[in-house]
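Coordinate-derived values only; no laboratory data. Since the model is a prediction, treat every value here as computed from it, not as a measurement. Cβ atoms come from the backbone with ideal geometry, glycine included; neighbour counts cover every protein chain shown.
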Ligand SMILES: [Ca+2]
Ligand SMILES: [Ca+2]
């Protein structure tokens, strides 16, 4: 009997201890769940952000895709710039080489031309100046004969169409009075050069009070030095009678040259 009582007591105590252990175990798991929930909430704040994690992930992927696209575009752009630079550099180099070759050809042609001009000058006695040859024979003729003298030599009476050329003529003629290729025989007062071009009013070197000869004076001479007191020592161009005799200047434009 006593043994049974003892056994009962021990059984009851054991069951009580088991119950206590079960309760303690439940408490521990609950505490652990609380702690886990607390930690989880601490990291994710609430469960609601958990629901937003999906959209954030999509947004992040979109951002990364956009960044990749930007990088790719930058790479493409950089590649295009590099290709363009190489292309420009290559073209530039080619143009530079072509330009240098052309300059060399021009220099060679210029040397050949100068040599040719020297040969002609030394042979013929003509003076070269700015794409034309000039010749002033040491004899006098009327205007018509003077022009014929020039045309028979593949030239014509000089045309003066610039200040530089007028200065050149002054140096060439010295104190001589010379015919130039300007007349108004067809229409009095309408001055034309021998190439049929009309004298422009804004470009001429008429002497003082010239032209003044009307229909009587239709041909033109140029005077560089005041050596004609009878004409009032007028300098520049004067219209005079075409039948008078003066020296002349022939002009042979380089494009008119006919080489043997
Ligand atoms: Ca006249
Ligand atoms: Ca006159």
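Decide, for the range 65-124, between rounded, prolate and oblate: order the square roots of the alpha carbon gyration tensor eigenvalues as a ≥ b ≥ c, take rounded if a/c falls under 1.5, and otherwise choose prolate if a/b is larger than b/c, else oblate. Mind dumping the intermediate values first?
Values: a/c = 15.40, a/b = 10.52, b/c = 1.46.
Note, shape of the range 65-124 comes out prolate.
Within a 10 angstrom radius of the beta carbon, how do 147, 61 rank from fewest other beta carbons to most?
Values: 147 21, 61 10.
Going from least to most buried by this count: 61, 147.
In nm, to one decimal, how far is the modelled label at residue 196 from the one at residue 103, with both set 7 Å along Cα→Cβ?
4.3
Let me know the shape class of the range 136-199, please: from the alpha-carbon gyration tensor, a ≥ b ≥ c as square roots of the eigenvalues, rounded when a/c is under 1.5, otherwise prolate if a/b is greater than b/c, or oblate.
Numbers: a/c = 1.68, a/b = 1.17, b/c = 1.44.
It is oblate, given that a/c is not under 1.5 and a/b is not larger than b/c.
Please state the shape class of the range 183-222: rounded when a/c is under 1.5, otherwise prolate if a/b exceeds b/c and oblate if not, all from the C-alpha gyration tensor. Don't skip to the end; give the middle numbers.
Numbers: a/c = 1.69, a/b = 1.07, b/c = 1.58.
Since a/c reaches 1.5 but b/c is at least a/b, the shape of the range 183-222 is classed as oblate.
Using the beta-carbon distance between residue 95 and residue 117 and R0 = 35 Å, what value does 1/(1 + (r/R0)^6) give for FRET efficiency, to the nearest 0.05?
0.65
Pulled fully out, how much extra length does the chain show between residue 72 and residue 87, if you take 0.36 nm times their separation in residues and subtract their Cα-Cα distance? Spell out each step's value before the answer.
Working: separation 15, 0.36 × 15 = 5.40 nm, distance 2.22 nm.
Here the answer is 3.2 nm.
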